[in-house]
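Following: one structure in structure tokens, then a few remarks.
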Amino acid sequence: MEPRILAIGRLQSTLDVLVEEWERYGRNVIASNSKDRIKEILETETIDFIAIGGGLPDEKREEMVSYIATIDPNIKVHPIPRTAETKGPYNFIPFLNNLAIMHKVRKAMEE
């Protein structure tokens, strides 16, 4: 079963494009850049894990991880590593896809 993923980034317009691309891979992704919307999603949806893109400055990424922990300290949060190879929104696509695959593998191993 496909995990339900929350993707967080800097620009909602970019996230909307990325969600369309993830859907082509069959991913079940909801995306937001708004703290209020993220809180609403975490309180009303079942989210398996969160992926944070590289567009947010380091300070904002750390702030977001802390913010999420106040809402649900048990949810796994995966910020994309900051490297020259992961720069740009297009690198968020394989990063999230790989996380989804690993999530499914872990679930299969638990069965």
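Below are the figures for this structure:
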| read-out | value |
| --- | --- |
| Heavy-atom SASA rank of S13, S34 (probe 1.4 Å, accessible area, largest first) | S13, S34 |
| Cβ-defined net charge surrounding E23, 15 Å radius [Lys, Arg +1; Asp, Glu -1] | -1 |
| Cleavage-rule hits, trypsin sites (Lys or Arg not before Pro), the range 10-111, DSSP coil, Cβ neighbours within 10 Å at most 14 | R82, K87 |
| Tensor-based shape of the chain (alpha-carbon gyration tensor, a/c under 1.5 rounded, otherwise prolate or oblate) | rounded |
| Zero-based 5 Å bins, Cα pair distances in the range 25-80, whole percents | 4, 17, 33, 29, 13, 4, 0 |
| L11 accessible area, assembled protein chains, probe 1.4 Å, Å² | 80 Å² |
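The values are calculated or read from the model by the stated rules, or taken from the named source; none is laboratory data. Fair warning: this is a prediction, and the values are worked out from it, not measured in the lab. Using ideal geometry, Cβ is built from the backbone for each residue, glycine included, and neighbour counts are taken over all protein chains shown. Heads up: the accessible areas ignore ligands, DNA and RNA and are worked out on the full protein's heavy atoms, side chains in. Shrake-Rupley method; radii C 1.70, N 1.55, O 1.52, S 1.80 Å.
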